[in-house]
Amino acid sequence: MNYRELNGKSIREGFKEFHRENPQIYKEFEKQALLGIERGRSKISAKLIINWIRWNAVLRSSDQNFKINDAYQAYYARLFILNYPEHEKIFELRKLRNEEDAPYMEVDATGQLSFL
């Protein structure tokens with residue numbers, strides 16, 4: 001089963017809802033990403049940050065099954081880059097397979113970030 005079959009919505013829709021209900025997760029993600037940058041990292045793994053939060057941060061979320069669903073990692077990385085465009089290269093972004101016909105973030109030739 002895929003995310004939509006299990007949840008009745010796309011991963012993007014699920015992330016938007018989860019983020020709205022759990023802003024503390026992004027705040028911790030942001031904190032850890034900025035700490036990595038401060039310590040000189042040129043690349044950071046969104047998966048690593050999510051797992052660090054999952055295992056080390058004493059945070060709760062509204063999700064009954066997962067503290068943070070792995071499916072949301074790419075969206076947290078994109079949200080961070082939207083908020084900190086000066087760090088657009090800190091995460092490696094790829095086209096999201098689950099959104100072949102829907103928006104995904106790109107950095108265009110002028111350096112502008114967008115969900116296309």
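The values are calculated or read from the model by the stated rules, or taken from the named source; none is laboratory data. In this text the structure is predicted, and so the values were computed from the model without any measurement. Because the Cβ atoms are built from the backbone with ideal geometry, glycine has one as well, and the counts that use them run over all protein chains shown.
Summary table below
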item: GLU30, sole failed condition from (1) at pLDDT 95 or above; (2) acidic (Asp, Glu); (3) surrounded by fewer than 15 Cβ atoms within 10 Å (Cβ to Cβ); result: (3)
item: Any hit, region 35-47, residues being in contact (Cβ under 8 Å) with a residue 60 or more places away in the chain, out of contact with any His (no Cβ under 8 Å at 6 or more places or on another chain) and assigned to a helix (DSSP H, G or I); result: no
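Okay, residues lined up against (1) surrounded by 13 or more Cβ atoms within 10 Å (Cβ to Cβ); (2) acidic (Asp, Glu); (3) more than 13 Å from the chain's Cα centre (by Cα); (4) modelled with pLDDT of 90 or more:
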site: ARG54; (1), (2), (3), (4): yes, no, yes, no
site: PHE66; (1), (2), (3), (4): no, no, yes, no
site: TYR75; (1), (2), (3), (4): yes, no, no, yes
site: GLU86; (1), (2), (3), (4): no, yes, yes, yes
site: PHE91; (1), (2), (3), (4): yes, no, no, yes
site: ARG94; (1), (2), (3), (4): no, no, no, no
site: GLU99; (1), (2), (3), (4): yes, yes, yes, no
site: PRO103; (1), (2), (3), (4): no, no, yes, no
